[in-house]
Protein chains: 2
Amino acid sequence: MAKLLTAIVDDHPIVIEGLKVLLQNEENLQLVGGFCNGSAILSYISTNQVDLILLDITLPDINGIELCQQIKDISIATVVLILSNHTERSIIMQTIQNGASGYLLKNSSVDELRHCISEAVKGNICYSKEVMEIISRPSKNHIQDMPRLTRREKEILALIAAGKTSQVIGQELFLSPLTIDTHRKNLIQKFGVKNVAELIMTATQQQIL
Amino acid sequence: MAKLLTAIVDDHPIVIEGLKVLLQNEENLQLVGGFCNGSAILSYISTNQVDLILLDITLPDINGIELCQQIKDISIATVVLILSNHTERSIIMQTIQNGASGYLLKNSSVDELRHCISEAVKGNICYSKEVMEIISRPSKNHIQDMPRLTRREKEILALIAAGKTSQVIGQELFLSPLTIDTHRKNLIQKFGVKNVAELIMTATQQQIL
DNA sequence: TTTTTTCTACTGATTTTTAGGTATTTTAAT
DNA sequence: ATTAAAATACCTAAAAATCAGTAGAAAAAA
(Lines give C-alpha, C1' and ligand atoms only; values in the text may rest on other atoms or scores of the structure.)
Protein backbone atom coordinates (compact mmCIF):
# COMPACT_ATOMS: atom_id res chain seq x y z
CA MET A 1 0.00 0.00 0.00
CA ALA A 2 1.33 3.38 -1.06
CA LYS A 3 1.91 5.99 1.56
CA LEU A 4 -0.82 8.59 2.03
CA LEU A 5 0.26 11.95 0.67
CA THR A 6 -0.59 14.29 3.52
CA ALA A 7 -0.79 18.07 3.77
CA ILE A 8 -1.22 20.29 6.83
CA VAL A 9 -3.10 23.60 6.67
CA ASP A 10 -2.84 25.84 9.71
CA ASP A 11 -2.07 29.47 10.28
CA HIS A 12 0.26 28.64 13.14
CA PRO A 13 3.75 27.66 11.94
CA ILE A 14 4.41 26.09 15.30
CA VAL A 15 1.42 23.79 14.93
CA ILE A 16 2.50 22.88 11.42
CA GLU A 17 6.03 22.09 12.51
CA GLY A 18 4.75 20.17 15.49
CA LEU A 19 2.36 18.07 13.44
CA LYS A 20 5.04 17.43 10.87
CA VAL A 21 7.36 15.98 13.45
CA LEU A 22 4.62 14.03 15.15
CA LEU A 23 3.56 12.42 11.90
CA GLN A 24 6.91 11.92 10.24
CA ASN A 25 7.38 8.62 12.01
CA GLU A 26 4.04 7.26 10.86
CA GLU A 27 4.58 4.29 8.59
CA ASN A 28 1.75 4.97 6.16
CA LEU A 29 2.03 8.74 5.87
CA GLN A 30 4.11 10.82 3.52
CA LEU A 31 4.08 14.52 4.31
CA VAL A 32 3.96 16.74 1.27
CA GLY A 33 3.95 20.09 3.04
CA GLY A 34 2.52 22.63 5.42
CA PHE A 35 0.38 25.54 4.27
CA CYS A 36 -0.43 28.72 6.18
CA ASN A 37 -3.47 29.77 4.20
CA GLY A 38 -6.31 28.56 2.03
CA SER A 39 -5.18 29.71 -1.39
CA ALA A 40 -1.82 28.00 -0.98
CA ILE A 41 -3.35 24.57 -0.45
CA LEU A 42 -5.94 25.13 -3.19
CA SER A 43 -3.31 25.91 -5.77
CA TYR A 44 -1.20 23.00 -4.57
CA ILE A 45 -3.93 20.38 -4.92
CA SER A 46 -4.84 21.61 -8.41
CA THR A 47 -1.52 20.29 -9.65
CA ASN A 48 -0.49 17.67 -7.10
CA GLN A 49 -2.08 14.63 -5.61
CA VAL A 50 -2.97 14.85 -1.93
CA ASP A 51 -4.72 12.03 -0.11
CA LEU A 52 -5.20 13.58 3.30
CA ILE A 53 -5.45 17.15 4.53
CA LEU A 54 -5.37 18.22 8.17
CA LEU A 55 -7.30 21.46 8.11
CA ASP A 56 -7.71 24.32 10.55
CA ILE A 57 -10.86 26.47 10.59
CA THR A 58 -9.26 29.81 11.31
CA LEU A 59 -7.14 30.87 8.37
CA PRO A 60 -5.97 34.29 7.26
CA ASP A 61 -7.70 34.29 3.88
CA ILE A 62 -10.49 31.75 3.47
CA ASN A 63 -12.76 30.34 6.14
CA GLY A 64 -11.93 26.68 6.75
CA ILE A 65 -15.56 25.61 6.42
CA GLU A 66 -15.77 26.96 2.90
CA LEU A 67 -12.26 25.84 2.09
CA CYS A 68 -13.30 22.30 2.88
CA GLN A 69 -16.00 22.50 0.24
CA GLN A 70 -13.58 23.96 -2.29
CA ILE A 71 -11.03 21.24 -1.64
CA LYS A 72 -13.64 18.56 -2.23
CA ASP A 73 -14.75 20.36 -5.40
CA ILE A 74 -11.22 20.15 -6.80
CA SER A 75 -10.36 16.72 -5.48
CA ILE A 76 -13.27 14.62 -4.26
CA ALA A 77 -10.96 11.77 -3.24
CA THR A 78 -8.95 13.84 -0.82
CA VAL A 79 -9.84 13.11 2.78
CA VAL A 80 -10.20 16.24 4.91
CA LEU A 81 -9.80 16.08 8.67
CA ILE A 82 -10.61 19.21 10.64
CA LEU A 83 -8.25 20.15 13.44
CA SER A 84 -9.65 23.21 15.16
CA ASN A 85 -10.33 24.98 18.41
CA HIS A 86 -13.94 25.77 17.67
CA THR A 87 -16.36 23.90 19.91
CA GLU A 88 -19.58 25.16 18.34
CA ARG A 89 -21.89 22.40 17.31
CA SER A 90 -22.96 24.30 14.22
CA ILE A 91 -19.40 24.72 12.96
CA ILE A 92 -18.66 21.03 13.39
CA MET A 93 -21.82 20.11 11.53
CA GLN A 94 -21.11 22.52 8.71
CA THR A 95 -17.66 21.07 8.06
CA ILE A 96 -19.04 17.54 7.87
CA GLN A 97 -21.79 18.83 5.59
CA ASN A 98 -19.08 20.28 3.39
CA GLY A 99 -17.31 16.96 3.03
CA ALA A 100 -14.96 16.69 5.99
CA SER A 101 -14.33 13.17 7.28
CA GLY A 102 -13.81 14.09 10.88
CA TYR A 103 -13.30 16.78 13.47
CA LEU A 104 -10.75 17.02 16.26
CA LEU A 105 -10.09 19.72 18.79
CA LYS A 106 -6.52 20.89 19.08
CA ASN A 107 -6.42 19.72 22.66
CA SER A 108 -6.93 16.16 21.49
CA SER A 109 -4.27 13.68 22.39
CA VAL A 110 -1.82 12.53 19.77
CA ASP A 111 -3.29 9.05 19.96
CA GLU A 112 -6.71 10.40 19.08
CA LEU A 113 -5.22 12.17 16.09
CA ARG A 114 -3.64 8.93 14.88
CA HIS A 115 -6.84 7.02 15.40
CA CYS A 116 -8.97 9.56 13.54
CA ILE A 117 -6.57 9.64 10.62
CA SER A 118 -6.74 5.88 10.25
CA GLU A 119 -10.53 5.86 10.49
CA ALA A 120 -10.87 8.73 8.04
CA VAL A 121 -8.76 7.12 5.34
CA LYS A 122 -10.88 3.97 5.75
CA GLY A 123 -13.84 6.10 4.69
CA ASN A 124 -15.38 6.51 8.10
CA ILE A 125 -16.30 9.74 9.83
CA CYS A 126 -14.44 10.16 13.08
CA TYR A 127 -14.56 12.64 15.95
CA SER A 128 -12.34 13.14 18.95
CA LYS A 129 -13.86 12.26 22.32
CA GLU A 130 -14.71 15.83 23.26
CA VAL A 131 -16.24 16.59 19.88
CA MET A 132 -18.33 13.45 20.15
CA GLU A 133 -19.80 14.80 23.36
CA ILE A 134 -20.55 18.18 21.83
CA ILE A 135 -22.51 16.71 18.97
CA SER A 136 -24.19 14.01 21.08
CA ARG A 137 -25.51 15.72 24.16
CA PRO A 138 -25.79 19.41 23.46
CA SER A 139 -24.69 21.17 26.63
CA LYS A 140 -25.42 24.65 27.89
CA ASN A 141 -23.34 26.51 25.35
CA HIS A 142 -24.34 24.50 22.34
CA ILE A 143 -28.08 24.32 22.66
CA GLN A 144 -29.31 26.30 19.74
CA ASP A 145 -27.71 26.19 16.35
CA MET A 146 -27.11 29.18 14.24
CA PRO A 147 -30.22 30.30 12.40
CA ARG A 148 -29.85 30.65 8.66
CA LEU A 149 -29.46 34.31 7.87
CA THR A 150 -29.97 35.88 4.48
CA ARG A 151 -27.33 38.07 2.92
CA ARG A 152 -29.23 41.22 3.79
CA GLU A 153 -29.74 40.11 7.35
CA LYS A 154 -26.05 39.45 7.87
CA GLU A 155 -25.24 42.82 6.40
CA ILE A 156 -27.68 44.64 8.65
CA LEU A 157 -26.64 42.62 11.69
CA ALA A 158 -23.08 43.84 11.23
CA LEU A 159 -24.25 47.44 10.97
CA ILE A 160 -26.35 47.08 14.09
CA ALA A 161 -23.33 45.65 15.89
CA ALA A 162 -21.41 48.74 14.83
CA GLY A 163 -23.84 50.80 16.86
CA LYS A 164 -25.81 52.24 13.98
CA THR A 165 -29.48 53.10 14.28
CA SER A 166 -32.14 52.08 11.79
CA GLN A 167 -32.16 55.62 10.40
CA VAL A 168 -28.45 55.58 9.68
CA ILE A 169 -28.47 52.09 8.24
CA GLY A 170 -31.37 53.04 6.01
CA GLN A 171 -29.46 56.01 4.67
CA GLU A 172 -26.33 53.94 4.06
CA LEU A 173 -28.17 51.22 2.18
CA PHE A 174 -30.63 53.58 0.44
CA LEU A 175 -33.55 51.86 2.14
CA SER A 176 -36.42 53.00 4.27
CA PRO A 177 -35.62 52.92 7.99
CA LEU A 178 -38.87 50.99 8.32
CA THR A 179 -37.34 48.23 6.23
CA ILE A 180 -34.38 48.08 8.57
CA ASP A 181 -36.81 47.82 11.47
CA THR A 182 -38.39 44.82 9.82
CA HIS A 183 -35.02 43.11 9.37
CA ARG A 184 -34.18 43.95 12.93
CA LYS A 185 -37.40 42.33 14.06
CA ASN A 186 -36.73 39.25 11.94
CA LEU A 187 -33.20 38.91 13.30
CA ILE A 188 -34.47 39.09 16.86
CA GLN A 189 -37.11 36.51 16.04
CA LYS A 190 -34.75 34.14 14.23
CA PHE A 191 -32.30 34.12 17.10
CA GLY A 192 -35.07 33.80 19.65
CA VAL A 193 -33.78 36.72 21.69
CA LYS A 194 -35.41 39.69 23.37
CA ASN A 195 -33.45 42.65 22.02
CA VAL A 196 -30.28 43.72 20.21
CA ALA A 197 -28.07 43.35 23.27
CA GLU A 198 -28.86 39.66 23.47
CA LEU A 199 -28.78 39.45 19.69
CA ILE A 200 -25.22 40.71 19.44
CA MET A 201 -24.17 38.52 22.35
CA THR A 202 -25.63 35.39 20.77
CA ALA A 203 -24.30 36.22 17.33
CA THR A 204 -20.75 36.75 18.56
CA GLN A 205 -20.88 33.53 20.56
CA GLN A 206 -21.82 31.71 17.39
CA GLN A 207 -19.01 33.36 15.48
CA ILE A 208 -21.36 35.16 13.15
CA LEU A 209 -19.91 38.52 14.07
CA MET B 1 27.11 27.78 30.64
CA ALA B 2 24.51 25.37 31.91
CA LYS B 3 21.53 24.56 29.74
CA LEU B 4 18.33 26.47 30.44
CA LEU B 5 15.76 24.26 32.11
CA THR B 6 12.64 24.90 30.03
CA ALA B 7 8.98 24.06 30.54
CA ILE B 8 6.06 24.38 28.14
CA VAL B 9 2.54 25.18 29.36
CA ASP B 10 -0.26 24.85 26.82
CA ASP B 11 -3.63 23.19 26.78
CA HIS B 12 -3.00 21.73 23.33
CA PRO B 13 -0.97 18.52 23.46
CA ILE B 14 -0.15 18.97 19.81
CA VAL B 15 1.41 22.36 20.44
CA ILE B 16 3.38 20.96 23.37
CA GLU B 17 4.67 18.07 21.33
CA GLY B 18 5.47 20.36 18.45
CA LEU B 19 7.37 22.83 20.57
CA LYS B 20 9.24 20.01 22.27
CA VAL B 21 10.50 18.72 19.00
CA LEU B 22 11.30 22.16 17.66
CA LEU B 23 13.33 23.02 20.71
CA GLN B 24 15.00 19.72 21.41
CA ASN B 25 17.80 20.51 19.00
CA GLU B 26 18.58 23.84 20.64
CA GLU B 27 22.05 23.78 22.12
CA ASN B 28 21.35 25.80 25.21
CA LEU B 29 17.93 24.41 26.14
CA GLN B 30 17.04 21.45 28.27
CA LEU B 31 13.34 20.58 28.21
CA VAL B 32 11.98 19.51 31.56
CA GLY B 33 8.41 18.89 30.50
CA GLY B 34 5.11 19.94 29.03
CA PHE B 35 2.14 20.92 31.19
CA CYS B 36 -1.52 21.12 30.14
CA ASN B 37 -2.75 23.31 32.98
CA GLY B 38 -1.76 25.94 35.49
CA SER B 39 -1.72 23.95 38.69
CA ALA B 40 0.60 21.34 37.17
CA ILE B 41 3.30 23.86 36.39
CA LEU B 42 2.84 25.64 39.73
CA SER B 43 3.37 22.48 41.72
CA TYR B 44 6.33 21.55 39.52
CA ILE B 45 8.19 24.80 40.02
CA SER B 46 7.69 24.68 43.78
CA THR B 47 10.01 21.69 43.94
CA ASN B 48 12.08 21.93 40.76
CA GLN B 49 14.22 24.57 39.17
CA VAL B 50 12.90 26.00 35.91
CA ASP B 51 14.70 28.78 34.07
CA LEU B 52 12.29 29.41 31.21
CA ILE B 53 8.56 28.86 30.76
CA LEU B 54 6.69 29.13 27.48
CA LEU B 55 3.19 30.01 28.60
CA ASP B 56 -0.19 30.02 26.88
CA ILE B 57 -2.96 32.38 28.02
CA THR B 58 -5.89 30.05 27.57
CA LEU B 59 -5.66 27.22 30.06
CA PRO B 60 -8.33 24.93 31.49
CA ASP B 61 -7.92 25.95 35.12
CA ILE B 62 -6.09 29.24 35.71
CA ASN B 63 -5.97 32.24 33.43
CA GLY B 64 -2.48 32.64 31.96
CA ILE B 65 -2.25 36.28 32.95
CA GLU B 66 -2.72 35.47 36.61
CA LEU B 67 -0.63 32.33 36.33
CA CYS B 68 2.25 34.48 35.17
CA GLN B 69 2.08 36.48 38.39
CA GLN B 70 1.90 33.33 40.48
CA ILE B 71 4.90 31.83 38.74
CA LYS B 72 6.95 34.95 39.45
CA ASP B 73 5.77 34.89 43.07
CA ILE B 74 7.13 31.40 43.51
CA SER B 75 10.24 31.80 41.41
CA ILE B 76 11.23 35.35 40.54
CA ALA B 77 14.22 34.18 38.50
CA THR B 78 12.14 32.13 36.09
CA VAL B 79 11.74 33.82 32.73
CA VAL B 80 8.19 33.65 31.36
CA LEU B 81 7.52 34.00 27.66
CA ILE B 82 3.90 34.22 26.55
CA LEU B 83 2.90 32.24 23.49
CA SER B 84 -0.72 33.00 22.76
CA ASN B 85 -3.34 33.70 20.17
CA HIS B 86 -4.77 36.76 21.87
CA THR B 87 -4.14 39.96 19.97
CA GLU B 88 -5.70 42.34 22.47
CA ARG B 89 -3.40 45.11 23.48
CA SER B 90 -4.71 45.03 27.04
CA ILE B 91 -3.93 41.34 27.46
CA ILE B 92 -0.40 41.78 26.20
CA MET B 93 0.18 44.68 28.56
CA GLN B 94 -1.24 42.81 31.52
CA THR B 95 1.10 39.87 31.04
CA ILE B 96 4.13 42.13 30.90
CA GLN B 97 2.83 43.94 33.97
CA ASN B 98 2.65 40.57 35.69
CA GLY B 99 6.26 39.79 34.99
CA ALA B 100 6.37 38.19 31.56
CA SER B 101 9.51 38.85 29.53
CA GLY B 102 7.89 38.73 26.13
CA TYR B 103 4.85 37.96 24.05
CA LEU B 104 4.56 35.98 20.83
CA LEU B 105 1.55 35.05 18.77
CA LYS B 106 1.24 31.42 17.85
CA ASN B 107 1.49 32.30 14.21
CA SER B 108 4.99 33.58 14.78
CA SER B 109 7.76 31.94 12.82
CA VAL B 110 10.04 29.50 14.52
CA ASP B 111 12.92 31.91 14.05
CA GLU B 112 11.06 34.58 15.94
CA LEU B 113 10.48 32.15 18.77
CA ARG B 114 14.19 31.36 18.93
CA HIS B 115 15.10 35.03 18.86
CA CYS B 116 12.67 35.96 21.62
CA ILE B 117 13.88 33.15 23.83
CA SER B 118 17.46 34.30 23.54
CA GLU B 119 16.51 37.92 24.21
CA ALA B 120 14.34 37.00 27.16
CA VAL B 121 17.01 34.99 28.93
CA LYS B 122 19.35 37.95 28.45
CA GLY B 123 16.90 39.92 30.57
CA ASN B 124 15.30 41.88 27.76
CA ILE B 125 11.63 42.14 26.93
CA CYS B 126 10.90 40.85 23.46
CA TYR B 127 7.84 40.78 21.22
CA SER B 128 7.18 39.08 17.91
CA LYS B 129 6.83 41.36 14.91
CA GLU B 130 3.03 41.31 14.87
CA VAL B 131 2.77 41.93 18.60
CA MET B 132 5.18 44.83 18.24
CA GLU B 133 2.78 46.42 15.78
CA ILE B 134 -0.20 45.89 18.05
CA ILE B 135 1.43 47.66 20.96
CA SER B 136 3.09 50.34 18.85
CA ARG B 137 0.54 51.67 16.46
CA PRO B 138 -2.87 50.70 17.73
CA SER B 139 -4.93 49.75 14.70
CA LYS B 140 -8.69 49.74 14.25
CA ASN B 141 -9.39 46.82 16.51
CA HIS B 142 -7.03 47.80 19.27
CA ILE B 143 -7.65 51.49 19.61
CA GLN B 144 -9.08 51.74 23.04
CA ASP B 145 -7.96 49.61 25.93
CA MET B 146 -10.40 47.98 28.16
CA PRO B 147 -11.91 50.57 30.46
CA ARG B 148 -11.77 49.73 34.16
CA LEU B 149 -15.21 48.59 35.16
CA THR B 150 -16.47 48.46 38.70
CA ARG B 151 -17.98 45.31 40.13
CA ARG B 152 -21.49 46.64 39.74
CA GLU B 153 -20.86 47.71 36.16
CA LYS B 154 -19.59 44.27 35.19
CA GLU B 155 -22.60 42.69 36.82
CA ILE B 156 -25.04 44.95 35.02
CA LEU B 157 -23.19 44.62 31.73
CA ALA B 158 -23.69 40.87 31.89
CA LEU B 159 -27.40 41.29 32.58
CA ILE B 160 -27.77 43.72 29.69
CA ALA B 161 -25.99 41.20 27.46
CA ALA B 162 -28.55 38.64 28.57
CA GLY B 163 -31.22 40.81 27.00
CA LYS B 164 -32.70 42.20 30.18
CA THR B 165 -34.23 45.66 30.35
CA SER B 166 -33.45 48.20 33.04
CA GLN B 167 -36.78 47.41 34.69
CA VAL B 168 -36.01 43.73 35.00
CA ILE B 169 -32.44 44.26 36.14
CA GLY B 170 -33.66 46.69 38.77
CA GLN B 171 -36.08 44.11 40.11
CA GLU B 172 -33.43 41.40 40.20
CA LEU B 173 -30.92 43.52 42.03
CA PHE B 174 -33.48 45.29 44.22
CA LEU B 175 -32.51 48.63 42.74
CA SER B 176 -34.37 51.41 41.04
CA PRO B 177 -34.53 51.04 37.27
CA LEU B 178 -33.26 54.60 37.17
CA THR B 179 -30.07 53.45 38.83
CA ILE B 180 -29.64 50.82 36.16
CA ASP B 181 -30.11 53.52 33.57
CA THR B 182 -27.29 55.48 35.13
CA HIS B 183 -24.97 52.47 35.06
CA ARG B 184 -26.02 51.84 31.50
CA LYS B 185 -25.13 55.40 30.60
CA ASN B 186 -21.77 55.14 32.34
CA LEU B 187 -20.94 51.90 30.57
CA ILE B 188 -21.70 53.43 27.20
CA GLN B 189 -19.58 56.43 28.07
CA LYS B 190 -16.66 54.40 29.41
CA PHE B 191 -16.49 52.29 26.30
CA GLY B 192 -16.96 55.29 24.04
CA VAL B 193 -19.79 53.66 22.11
CA LYS B 194 -23.15 54.81 20.85
CA ASN B 195 -25.57 52.22 22.22
CA VAL B 196 -25.85 48.76 23.77
CA ALA B 197 -25.38 46.96 20.47
CA GLU B 198 -21.93 48.44 20.05
CA LEU B 199 -21.32 48.08 23.78
CA ILE B 200 -21.88 44.33 23.75
CA MET B 201 -19.85 44.00 20.56
CA THR B 202 -16.90 45.88 22.00
CA ALA B 203 -17.09 44.12 25.35
CA THR B 204 -17.07 40.67 23.78
CA GLN B 205 -14.16 41.60 21.54
CA GLN B 206 -12.23 42.59 24.62
CA GLN B 207 -13.07 39.33 26.34
CA ILE B 208 -15.04 41.05 29.05
CA LEU B 209 -18.14 39.05 28.26
C1' DT C 1 -43.40 28.34 -15.17
C1' DT C 2 -44.98 28.08 -10.78
C1' DT C 3 -43.77 28.27 -6.06
C1' DT C 4 -41.22 29.87 -2.35
C1' DT C 5 -38.15 32.87 -0.23
C1' DT C 6 -36.26 37.24 0.35
C1' DC C 7 -36.51 42.00 0.33
C1' DT C 8 -39.04 45.78 0.59
C1' DA C 9 -42.39 49.12 3.09
C1' DC C 10 -46.08 50.47 5.74
C1' DT C 11 -49.61 51.57 10.22
C1' DG C 12 -50.19 52.31 14.95
C1' DA C 13 -49.18 51.69 19.69
C1' DT C 14 -46.03 50.80 23.37
C1' DT C 15 -41.80 50.20 25.63
C1' DT C 16 -37.12 51.15 26.17
C1' DT C 17 -33.16 53.59 25.63
C1' DT C 18 -30.38 57.60 25.28
C1' DA C 19 -28.82 62.48 26.40
C1' DG C 20 -28.54 66.29 29.29
C1' DG C 21 -28.16 67.01 33.82
C1' DT C 22 -28.00 66.98 39.46
C1' DA C 23 -27.39 65.00 44.03
C1' DT C 24 -27.05 62.03 48.23
C1' DT C 25 -25.18 58.06 50.46
C1' DT C 26 -21.98 54.41 50.94
C1' DT C 27 -17.53 52.38 50.46
C1' DA C 28 -12.66 52.37 49.80
C1' DA C 29 -8.29 54.57 49.92
C1' DT C 30 -4.90 57.85 51.83
C1' DA D 1 -10.08 61.72 59.53
C1' DT D 2 -10.38 63.29 55.15
C1' DT D 3 -10.64 62.59 50.31
C1' DA D 4 -11.84 60.15 46.34
C1' DA D 5 -14.45 56.72 44.06
C1' DA D 6 -18.50 54.01 43.60
C1' DA D 7 -23.22 53.23 43.98
C1' DT D 8 -27.50 54.95 44.48
C1' DA D 9 -31.57 57.80 42.61
C1' DC D 10 -33.95 61.35 40.39
C1' DC D 11 -35.83 64.91 36.36
C1' DT D 12 -37.08 66.10 31.57
C1' DA D 13 -37.35 65.23 26.92
C1' DA D 14 -36.18 63.26 22.66
C1' DA D 15 -34.84 59.34 20.01
C1' DA D 16 -34.90 54.67 19.13
C1' DA D 17 -36.42 50.10 19.48
C1' DT D 18 -39.92 46.62 19.99
C1' DC D 19 -44.58 44.36 19.16
C1' DA D 20 -48.12 42.93 16.10
C1' DG D 21 -49.70 42.99 12.24
C1' DT D 22 -50.14 43.35 6.60
C1' DA D 23 -48.59 43.24 1.87
C1' DG D 24 -46.54 44.00 -2.78
C1' DA D 25 -42.31 43.35 -5.68
C1' DA D 26 -38.17 40.97 -6.77
C1' DA D 27 -35.27 37.15 -6.82
C1' DA D 28 -34.24 32.40 -6.38
C1' DA D 29 -35.53 27.68 -6.38
C1' DA D 30 -38.35 23.85 -7.86
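The values are calculated or read from the model by the stated rules, or taken from the named source; none is laboratory data. Remember, predicted model here, so these are calculated numbers, not experimental data. Don't worry about glycine lacking a Cβ; one is built from the backbone with ideal geometry, like all the others, and counts go over all protein chains shown. Protein only, heavy atoms only, side chains kept; ligands, DNA and RNA dropped before computing areas. Shrake-Rupley method; radii C 1.70, N 1.55, O 1.52, S 1.80 Å.
For the reader, a short list of remarks on this structure follows.
- Stretch gain in nm, segment residue B:133-residue B:110, where the contour uses 0.36 nm per residue and the Cα spacing is subtracted: 6.4 nm
- Amide H contacts of residue A:82: A:55, A:101, A:102, A:103, A:104, each under 5 Å away and 5 or more positions distant or on a separate chain (H built 1.01 Å from N in the peptide plane; Pro and chain starts excluded).
- Inter-copy label distances at residue A:63, shortest first and taken from points set 7 Å along Cα to Cβ: 2.9 nm.
- Accessible-area order (highest first, 1.4 angstrom probe) of the listed residues B:148, B:114, A:89: B:148, B:114, A:89
- Cβ-Cβ FRET estimate between residue A:97 and residue B:26, R0 fixed at 60 Å, reported to 0.05: 0.85
- Available extension along the chain between residue B:155 and residue B:2 is 50.0 nm, counting 0.36 nm per residue and deducting the alpha carbon span.
- Label point of residue A:125 (7 Å along Cα→beta-carbon): distances to the other copies' equivalent points are 4.9 nm, sorted ascending.
- Pairwise FRET efficiency - residue B:49 versus residue B:122, Cβ, R0 = 22 Å, nearest 0.05: 0.70
- The residue of chain B whose Cβ sits closest to the rotation axis that maps B onto A, together with that distance in whole Å, is B:18, 1.
- Using C-alpha pairs under 8 Å with a sequence gap of at least 6, the mean separation divided by the residue count of chain B gives a relative contact order of 12 percent.
- Cys with no candidate disulfide partner in the protein assembly as shown (beta-carbon separation under 4.7 Å rule): A:36, A:68, B:36, B:68
- Measuring max minus min along each principal axis, the C-alpha atoms of the range A:151-205 give extents of 29, 19, 18 Å (largest first).
- Note, ³J(HN,Hα) from phi for the range A:195-200, Karplus 6.51, -1.76, 1.60, rounded to Hz, x at Gly and Pro: 7, 5, 3, 5, 4, 5
- Shape call, the protein assembly as shown: gyration tensor on alpha carbons, a/c limit 1.5: oblate
- Teacher prompt: residue A:27 distances to equivalent labels in other copies, 7 Å Cα→Cβ, nm: 4.0
- Using a cutoff of 8 angstrom between alpha carbon atoms and counting only pairs six or more residues apart, the relative contact order for the range B:151-205 works out to 25 percent.
- Three-way shape label, the range B:4-138, alpha-carbon gyration tensor, a/c 1.5: rounded
- Euclidean distance between Cα centres, the range A:35-102 to the range B:145-209, Å: 39 Å
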